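**Q** One structure coming up, written as structure tokens, with questions to follow.
The values are calculated or read from the model by the stated rules, or taken from the named source; none is laboratory data. The shown structure was predicted, so the numbers you read here are calculated from the model rather than taken from an experiment. Using ideal geometry, Cβ is built from the backbone for each residue, glycine included, and neighbour counts are taken over all protein chains shown. Side chains are part of the model used for accessible areas, which takes the heavy atoms of the whole protein and leaves out ligands, DNA and RNA. Shrake-Rupley method; radii C 1.70, N 1.55, O 1.52, S 1.80 Å.
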Amino acid sequence: MAEITPIRTPAETALVELFPTVRASLPGDAGVAGRRDAAFETFRSQGLPHRRVEAYKYTDLRTLLRETAPLAPAPDAADIQAAGATADVFASVDALRVTLVDGHLVPSLSGLSRLPAGVEAIGLADALAASHPLVAEHMGAVARIDGDPVNALNAAFAGDGVVIRVKAGTTVAKPILVRNVLVSGTPVAVYTRVLLIVEEGASVTLVESHEAVSAVAHYANTVVEVLAGDRTTVHHVRANTRGGHAFDLSALAVRLGGHAAFTSVGVALAAAVSRHQVNVRLGGEHSTLTVGGAALLSGRQHADSTLIVEHVAPHCASRELFKNVLDGESTGVFQGKIIVESQAQKTDGRMMSQAVLLADGAAMNNKPELEIFADDVQCAHGATCGALDDDLLFYLRARGLPKPDAEALMLQAFVGEALDLVENETAREALSEAVEGWLRARM
């Protein structure tokens, strides 16, 4: 039988050729190197996902990612100074800060040595080099690489990030903010990873900011893994404000114990192409999940929010709400699936995606799904897509508001429903200000 050799795109070819040249420089012992090799083989054999891969039907990476960039070198003093002088979206939030500049942890801009009692943190590069037991036991336990070449690429190339452990019974008063700053003036690729382990009875808020100092076609692939034990409370907030040329792929993978509560809200305001994938497994009874998201797009931006919620234990509830505002010739994608296993009786799951189209050239792709194998559940999903309400717009204009101001007020209220899910008041206000900035720019 003749051997079939797949035809690779220039980006795939560049990645296949890059890995052997940087493999030895990536942190970790022989065991870590072996896991990197296995992950890269997953990517090499599958290539970039394309439209015939169901999970990527509306975000054809094989077509969208035309070229890749070299791995970002360690930042120099000027880069670190530039990152420190740049105010991030969450600058007003009183938080414990961890700063990654061009994918590398910068101790001088981080507070790892000033963490409160009950919290441990170590840079991922140091943890890999030292064969830290938390990494050996937990990294990769939630973020799957089988069937997902994007996660496999991160597992193969991840060079730095942070590992955080919140000990049992600890309540962390301040949020932990992980800043991801790109400062390079030329295109670079960064692969970072955050591993958050929240032990039984603990409570913490994790905030992520993704930003860029220069408007360059950077490539970013980030993964956040969260392992939350029984009776834990975890709040997660994420903002992506990178420039309009960036290519941003991200994943949030979560495993919940029993009687746990997890909330995640993400806002995307930039990047030429972005895809944020959320996978949550409710593995213990009486746990609750809330996931919200908002994307405000213009020009020819493309933003994909993909969600998979797995109910594998009874008496759990999940709520998902996503908002999209699309202007110009932008494209929005929402794919959401709730899976209820046969043993997950008494599940209560609700999912909604809503979009407002501001221009004839904008497009929204919605694909909500339910996959139910239990018979005593309450589950529902829905999707709406349309223009601003003409009657409401007329009402506001009749009271003296110019049309741009009236539209901005309506859009702010529309997106605000998702932002209201953010527990931390200062972080919620920071996201609201970022949305207002986008609306002002449009006006």
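**Q** Of these, Asp126, Asp94, which one is open to solvent by 40 Å² or more (accessible area, probe 1.4 Å), under 20 Å from Thr205 (Cβ atoms) and in contact with a Pro (Cβ under 9 Å, 6 or more places away or on another chain)?
**A** Residue meeting the stated conditions: Asp94.
**Q** Across the range 100-123, what is the number of residues that are in a strand (DSSP E or B), open to solvent by less than 20 Å² (accessible area, probe 1.4 Å) and either among the aliphatic types (A, V, I, L, M) or in contact with a Phe, Trp or Tyr (Cβ under 6 Å, 6 or more places away or on another chain) (or both)?
**A** Count: 3.
**Q** Would you point out which residue out of Val216, Val207, Val223 is in contact with a Leu (Cβ under 7 Å, 6 or more places away or on another chain) and farther than 17 Å from His311 by Cα?
**A** Unique residue meeting the criteria: Val207.
**Q** Turning to a different aspect of this structure: Give the range 324-337 a look and list any residue that's within 14 Å of His381 (Cα to Cα) and either in contact (Cβ under 8 Å) with a residue 60 or more places away in the chain or touching a Ser or Thr at 6+ places or on another chain (Cβ under 7 Å) (or both), or say none.
**A** Phe334, Gln335, Gly336
**Q** Pick out the one residue from Ala239, Ala270 that is among the aliphatic types (A, V, I, L, M), within 19 Å of Gly185 (Cα to Cα) and open to solvent by less than 20 Å² (accessible area, probe 1.4 Å).
**A** Of the residues listed, the single one that is among the aliphatic types (A, V, I, L, M), within 19 Å of Gly185 (Cα to Cα) and open to solvent by less than 20 Å² (accessible area, probe 1.4 Å) is Ala270.
**Q** Also, I was wondering about something else. Determine which member of the set Arg97, Arg66, Arg36 is in a helix (DSSP H, G or I) and either touching a helix residue (DSSP H, G or I) at 6+ places or on another chain (Cβ under 8 Å) or at pLDDT 95 or above (or both).
**A** Among Arg97, Arg66, Arg36, only Arg36 is in a helix (DSSP H, G or I) and either touching a helix residue (DSSP H, G or I) at 6+ places or on another chain (Cβ under 8 Å) or at pLDDT 95 or above (or both).
**Q** Just need a number here: residues in the range 61-117 that are without any contact (Cβ under 8 Å) to a residue 12 or more places away in the chain and over 24 Å from the mean Cα position of the chain (by Cα).
**A** So the count comes out to 6.
**Q** With respect to Ala220, is the statement that it is surrounded by fewer than 24 Cβ atoms within 10 Å (Cβ to Cβ), small (Gly, Ala, Ser) and in contact (Cβ under 8 Å) with a residue 12 or more places away in the chain true?
**A** No; evaluated as a whole, the condition is false for this residue.
**Q** Can you give me the number of residues within the range 397-409 that are in a helix (DSSP H, G or I) and either surrounded by fewer than 17 Cβ atoms within 10 Å (Cβ to Cβ) or touching a residue at least 40 places away in the same chain (Cβ under 8 Å) (or both)?
**A** Within the range 397-409, residues that are in a helix (DSSP H, G or I) and either surrounded by fewer than 17 Cβ atoms within 10 Å (Cβ to Cβ) or touching a residue at least 40 places away in the same chain (Cβ under 8 Å) (or both) number 7.
**Q** Next question, about the same structure. Mind checking whether some residue in the range 73-80 is acidic (Asp, Glu), closer than 30 Å to Glu17 by Cα, open to solvent by 50 Å² or more (accessible area, probe 1.4 Å) and in a loop (DSSP other than H, G, I, E, B)?
**A** yes
**Q** Report every pair of residues separated by at least 6 positions or lying on different chains whose Cβ atoms are under 7 Å apart, first residue within the range 419-443 and closer than 11 Å to Ala294 by Cβ and modelled with pLDDT of 95 or more, second among the basic types (Lys, Arg) and open to solvent by 10 Å² or more (accessible area, probe 1.4 Å).
**A** The qualifying pairs are Leu419/Arg428; Val422/Arg428.
**Q** What do you reckon, is Arg44 more than 27 Å from Leu307 (Cβ to Cβ), open to solvent by 20 Å² or more (accessible area, probe 1.4 Å) and either of a type in the set (Lys, Arg) or not in a helix (DSSP H, G or I) (or both)?
**A** Answer is yes for this residue.
**Q** Pull up the range 313-324, narrow it to residues that are open to solvent by 20 Å² or more (accessible area, probe 1.4 Å) and not small (Gly, Ala, Ser), then point me to the one that is farthest from Gln345 (Cα to Cα).
**A** Out of the qualifying residues, it is Leu321.
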